[in-house]
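What follows is a short report on a single structure.
The values are calculated or read from the model by the stated rules, or taken from the named source; none is laboratory data. Owing to the predicted nature of the structure, the values given are computational and were not obtained by experimental measurement. Cβ sites come from the backbone with ideal geometry, for glycine too, and all protein chains shown count toward neighbours. Just so you know, the surface numbers come from the protein's heavy atoms only, side chains and all, with ligands and any DNA or RNA stripped out. Shrake-Rupley method; radii C 1.70, N 1.55, O 1.52, S 1.80 Å.
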Amino acid sequence: MNKITVSAPGKLMLLGEHAVVYNRPCLVTAVGQRMYATIESLVEPVFELEATDVKVTGYKKPLAQLGEGEIFKGAMFVGIAVKNFTKKYAIRGGVRITTKSEFSSLFGFGSSSASTVCVIKGLAELTNTKLNNKEIFDLAYKTVLEIQGKGSGFDVAAAIFGGTIYFVIGGKVIEPITTESLPLVVGYSGIKADTVTMINQVAQKFADSPKKAEKILNAIAQLVNQAKQALIAKDWESLGKYMDMNQDYLRDMGVSTEKLETLIFAAKKAGAWGAKLSGAGGGDCMIAITPEDKVENVKQAINQAGGKVIDVTINVEGVRIEK
Ligand code: MEV
């Protein structure tokens with residue numbers, strides 16, 4: 001075999017964003033929109049990339065030079081994943097990778113981490129390197145940290161394990177939560193947020209008032225643990241309440257925006273049990289947990305308030321071999 005196609009899902013943060021960077025737990029679910037990577041081994045020790053979704057075509061670089069000098073931002077995660085894998089497992093030949101995404105990198109669904117996971121899983125299969133999911137996690141997380149410098153790795157875990165996960169930074173805890181469907185409506189705010197900028201902004205705020213930060217972080221940890229129980233019990237109304245509480249803290253941290261607040265307010269007014277931003281804030285998406293008979297109203301309200309409803313299935317399968 002010298003060619004393989006692998007796919008991995010995107011993610012949606014349910015509760016606990018930012019606090020998870022400070023060693024508190026979060027809840028994340030994998031979404032039905034997937035990232036695909038076809039990986040082909042080459043004799044020549046080069047890295048080639050076709051990633052039209054991020055406008056990269058005909059990219060070629062000697063393997064030995066990966067990570068040196070400039071690399072297109074869109075190619076970075078794939079390139080560094082190849083570098084880390086080929087170095088760690090002493091792979092000599094080259095690779096050609098073609099990526100294709102079912103979702104826009106604008107939504108904050110974690111396209112970078114999903115592509116990193118696809119590459120590591122695919123290279124492991126192609127080179128007959130036996131890696132379990134935790135080993136894939138460790139290498140993918142190292143890759144993400146090398147590029148971003150910061151992040152909990154929750155998105156990497158969602159891409160690998162799929163389903164819905166209770167997660168602690170660095171994969172200290174990756175606990176699958178059994179839940180069937182979650183009645184979620186997702187609205188895109190129309191603004192692309194930068195995760196690292198938002199993490200830095202929160203860090204600055206916390207440094208200014210560390211005591212308040214501790215209080216907020218502990219309160220979020222507590223409500224994430226309560227939300228986990230509500231999720232297991234399928235108590236959507238309580239889950240909605242915890243989402244609302246989480247949103248109050250996120251607003252306090254300064255990561256919500258006027259647009260997100262407008263969409264959240266509209267969703268709640270139209271009958272959602274609870275709503276909050278999802279991810280780093282500063283833009284990206286909001287989520288609303290919604291009774292079945294109010295879903296259409298909530299979707300309409302989000303669209304009318306200037307958001308864009310994105311249809312997602314959640315709780316989907318993690319990384320897998322396609323062919
Ligand atoms: C970003 O989607 C969520 C953050 O908690 C960052 C992270 O956990 O890597 C802000």
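Would you check which residues across region 207-234 are among the β-branched types (Val, Ile, Thr) and open to solvent by 60 Å² or more (accessible area, probe 1.4 Å) and list them? Within region 207-234, just ILE232 meets the criteria. If the condition is being under 18 Å from ALA227 (Cα atoms) and over 15 Å from the mean Cα position of the chain (by Cα), then region 269-285 contributes ALA272, TRP273, GLY274, ALA275, LYS276. In region 308-321, the residues that are in contact (Cβ under 8 Å) with a residue 40 or more places away in the chain and assigned to a strand (DSSP E or B) form Cβ pairs under 8 Å with partners that are surrounded by 14 or more Cβ atoms within 10 Å (Cβ to Cβ) and charged (D, E, K, R), at six or more places apart or across chains, as follows: VAL309/LYS299; ILE321/LYS121; ILE321/GLU125.
Output yes when any residue across region 289-309 is within 16 Å of the ligand (Cβ to nearest atom), touching a strand residue (DSSP E or B) at 6+ places or on another chain (Cβ under 7 Å) and not aliphatic (A, V, I, L, M), and no when none is. No, that holds for no residue.
Of all positions in region 267-274, none carries a residue that is crowded, with 24+ Cβ neighbours inside 10 Å, within 16 Å of the ligand (Cβ to nearest atom) and assigned to a strand (DSSP E or B). Looking across ALA51, ALA37, ALA30, ALA75, one residue alone is touching a strand residue (DSSP E or B) at 6+ places or on another chain (Cβ under 7 Å) and within 16 Å of the ligand (Cβ to nearest atom). It is ALA30.
The set of residues from region 278-307 being hydrophobic (A, V, I, L, M, F, W, C) and in a helix (DSSP H, G or I) comprises VAL295, VAL298, ALA301, ILE302.
Pairs meeting the criteria (first residue in region 106-123 and closer than 14 Å to VAL319 by Cβ and within 12 Å of the ligand (Cβ to nearest atom), second residue part of a helix (DSSP H, G or I) and of a type in the set (D, E, K, R), beta carbons under 7 Å, at least 6 apart or on different chains) are GLY110/ASP155; SER113/ASP155.
Would you call LYS323 over 21 Å from the mean Cα position of the chain (by Cα) and under 26 Å from ALA8 (Cα atoms)? Yes: the conditions hold for LYS323. Against the condition open to solvent by less than 30 Å² (accessible area, probe 1.4 Å) and within 23 Å of ALA275 (Cα to Cα), how does THR164 come out, does it pass? In short, yes. Report, by residue number, each residue of region 57-99 that is closer than 25 Å to ILE191 by Cβ and open to solvent by 30 Å² or more (accessible area, probe 1.4 Å). Correct list: PHE72, LYS73, GLY74, MET76. In region 90-177, counting only strands (runs of 3 or more DSSP E) that sit wholly within it, the ones holding 1 or more residues that are modelled with pLDDT under 95 and touching a strand residue (DSSP E or B) at 6+ places or on another chain (Cβ under 6 Å) span 94-101. Among the residues of region 184-200, those that are in contact with a Lys or Arg (Cβ under 9 Å, 6 or more places away or on another chain) and in a loop (DSSP other than H, G, I, E, B) comprise SER189, GLY190, ILE191. Could you list, in sequence order, all residues of region 240-263 that are open to solvent by less than 10 Å² (accessible area, probe 1.4 Å) and β-branched (Val, Ile, Thr)? Passing the criteria: only VAL255. When LEU182 is tested against (1) hydrophobic (A, V, I, L, M, F, W, C); (2) open to solvent by 30 Å² or more (accessible area, probe 1.4 Å); (3) in contact (Cβ under 8 Å) with a residue 12 or more places away in the chain, only condition (2) is not met. GLU237 satisfies every condition listed in (1) open to solvent by 30 Å² or more (accessible area, probe 1.4 Å); (2) within 16 Å of the ligand (Cβ to nearest atom); (3) in contact with a Phe, Trp or Tyr (Cβ under 7 Å, 6 or more places away or on another chain); (4) not polar (S, T, N, Q) except (2).
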